[in-house]
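Before any comments, here is the structure.
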Amino acid sequence: MTIEAIVLGSGKEVGRACLVIKGESGTIMLDCGVHPTITGLEAAPKLELVDIESISSAVLTHAHLDHSGAIPRLLKLGFKGKVIATLPTAALVGMMWRDQLSIMSREWPEESRLWDTKEMNKMLAKRLRYVTYEEKIKLPNGIKVVLHDAGHILGSSFVELEIDGLRIGYTGDLGTSSNHLQYWDASDLEGVDVLFCESTYGGVERKGREALERELIDAVRSTLESGGKVLIPAMSVGKAQEILLALKRHESKLPDVPVVLDGMAYRATRVYSQFIMYMSDKIKRTFIINGEDPFAWDRLLQPRTLKKRRRLVEHKEPCIFVAPSGMLKGGWSQWYLAKLAPNPENAVVICGYVDPQTPASEIVSGAKEVEVMDFIAREKVKVQINCKVYHIEISRHAMHSELCKFIATVKPETLVLIHGEEESIKKLIDSAGSYAKRIEVPINGSIITLKE
Ligand SMILES: [Zn+2]
Ligand SMILES: [Zn+2]
């Protein structure tokens with residue numbers, strides 16, 4: 001009874017996570033994302049390597065597009081099954097897909113779009129199966145699935161799978177210490193036969209969350225106190241909420257200024273407010289005791305029109321802007337950058353990982369001029385970076401020592417390292433390779449025999 005894994009994406013790269021596990025009793029897919037910096041059909045995993053019709057179910061670990069962005073495409077290729085996800089993941093992914101659809105329709109040639117409105121709506125309305133953490137799911141073909149809290153973003157999970165007697169773990173993206181999410185418990189996967197582990201931050205350590213929050217607050221406060229405005233570009237789902245709660249938690253240390261939460265970051269935060277039961281015990285307790293939505297804050301503003309945004313950036317009073325995208329490629333953050341960065345009194349605070357070849361990465365490396373898309377005028381504009389620049393390592397990803405701790409607790413027979421650059425994977429093998437009997441580092445298209 002052979003069981004094999006086909007790695008369709010995220011082999012020695014960060015992005016387009018997609019695995020297929022094929023056993024005697026059936027075939028299941030884990031995630032189906034897109035590559036964040038590639039456009040067109042090339043952004044998708046190597047779906048042509050498998051017979052999509054033979055896949056009876058798929059699991060979506062969380063809403064980020066590098067895990068979810070190619071899922072509606074499965075319908076184009078004959079997928080008949082359901083996609084298992086937690087309810088908050090389902091609620092967030094619709095928002096992510098609508099945003100992705102508008103980017104594809106605006107910027108991608110028609111023949112290279114991965115999917116269309118019809119497939120997205122069908123997936124959302126008919127093909128998602130909502131589950132909760134720890135629910136024991138038994139599929140008709142006998143495959144067993146449990147989703148455990150991964151603490152990465154709202155609703156994120158790591159997967160425990162049993163197929164033809166083989167126990168398999170798949171991390172999706174693992175979280176780090178957070179001001180609102182529960183921390184993961186690796187013992188749920190203890191002793192699995194195979195662990196597919198993400199390696200994004202292999203070899204990278206960062207300061208503790210408290211120290212990083214202090215750095216953030218200091219940067220914001222000093223700019224506001226000298227009369228400047230602060231732009232914090234942030235990914236809509238996960239990062240924006242982490243930053244918002246950090247600002248709120250330290251509000252007594254900050255001047256009383258408006259906090260503008262723009263675009264999808266605002267909409268995603270409203271979804272966060274609906275799912276307090278998926279958050280940390282501390283957040284749940286505060287809610288029970290005070291009846292308070294942890295994300296509600298009287299300083300928050302959501303500008304709905306261009307006129308309002310203009311008024312806010314032109315007003316002489318200090319202000320904080322939290323807007324997607326985090327890397328200043330797409331979204332309102334690039335519009336705010338063009339307005340705020342030329343003024344030396346202002347500051348831009350970049351938080352966490354930046355992809356090379358993005359305006360955020362150029363700014364962090366000290367560029368004095370960057371090019372961004374003015375999506376109102378629909379043209380590229382050059383922006384002078386005269387403002388202060390801060391780079392603070394606030395992230396929603398587990399760092400090196402946490403990934404090692406996860407592997408050390410699980411102690412799998414076979415460890416498969418994916419979702420990371422080659423350098424990061426090497427560093428993880430150096431530190432945690434000894435906890436497994438066999439290590440695999442696949443590339444996209446690799447087939448790994450898990451059981452002969
Ligand atoms: Zn993620
Ligand atoms: Zn990821």
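Quick note: the coordinates plus some simple rules give every number you see, no bench work behind them. These numbers were taken from a predicted model, which means no experiment stands behind them. Cβ coordinates were reconstructed from backbone atoms using ideal geometry, including for glycine residues, and neighbour counts include every protein chain displayed.
Details
- A simple spin-label model places the labels of R378 and K136 5.7 nm from each other, with each point 7 Å out along Cα-to-Cβ.
- Here's how it looks for K451: its modeled amide H is under 5 Å from those of I3, which are all 5 or more places away or on a different chain.
- Sequence-distant residues sharing a close amide H with K46 (under 5 Å, placed H): G9
- Proxy reagent accessibility, fewest Cβ within 10 Å first, across I418, I55, I350, I376: I376, I55, I350, I418
- The fewest-to-most ranking of W332, W108 by surrounding Cβ atoms within 10 Å reads W108, W332.
- Beyond 22 Å, the tail of the calculated P(r) for segment 148-281 holds 49 percent of the Cα pairs.
- L328, L166, L147, L340 arranged by Cβ crowding within 10 Å, fewest neighbours leading: L166, L340, L147, L328
- 222 nm mean residue ellipticity, helices alone, for the chain (DSSP H n ≥ 4; -39,500 (n - 2.57); rounded to 500): -8500 deg cm²/dmol
- Stretch gain in nm, segment A296-D430, where the contour uses 0.36 nm per residue and the Cα spacing is subtracted: 43.8 nm
- At 0.692 mPa s and 37 °C, Stokes diffusion of segment 209-392 via Kirkwood alpha-carbon radius, µm² per second: 197 µm²/s
- Positive-end extreme of charge dipole, the chain - chosen from V410, P359, S252 (charges on Cβ): S252
- Nearby aspartates and glutamates by direct alpha-carbon distance to K382 (threshold 16 angstrom, same-chain neighbours under 8 apart not counted): E362, E369, E371, D374
- Remark: segment 303-452 is approximated by an ellipsoid whose semi-axes, taken from the C-alpha gyration tensor as √(5λ), come to 43, 16, 14 Å, largest first.
- Long pairs among K126/K239; K82/K136; K229/K339; K122/K144; K253/K388; K12/K426, criterion Cα-Cα beyond 18 Å: K126/K239; K122/K144; K253/K388
- If the chain linking L306 and E53 were pulled fully straight, counting 0.36 nm for each residue of separation and taking away their Cα-Cα distance, it would gain 86.5 nm.
- Debye, to nearest 20: dipole size of segment 209-392, +1 on Lys, Arg Cβ, -1 on Asp, Glu Cβ: 480 debye
- Rg [Å, one decimal], Dmax [Å, integer] - segment 86-162, C-alpha atoms: 15.3, 43
- In the chain, a dipole from Cβ-located charges (positive for Lys and Arg, negative for Asp and Glu) runs towards its positive end, and of M123, I448, S395 it is M123 whose Cα lies farthest in that direction.
- Antiparallel DSSP beta bridges within the chain, percent to nearest 5: 45 percent
- Column: log10 I(q)/I(0), Debye, Cα scatterers of the chain, q = 0.06, 0.10, 0.13 Å⁻¹: -0.25, -0.71, -1.18
- Relative contact order computed over segment 101-160 (Cα-Cα under 8 Å; 6+ residues apart), in percent: 18 percent
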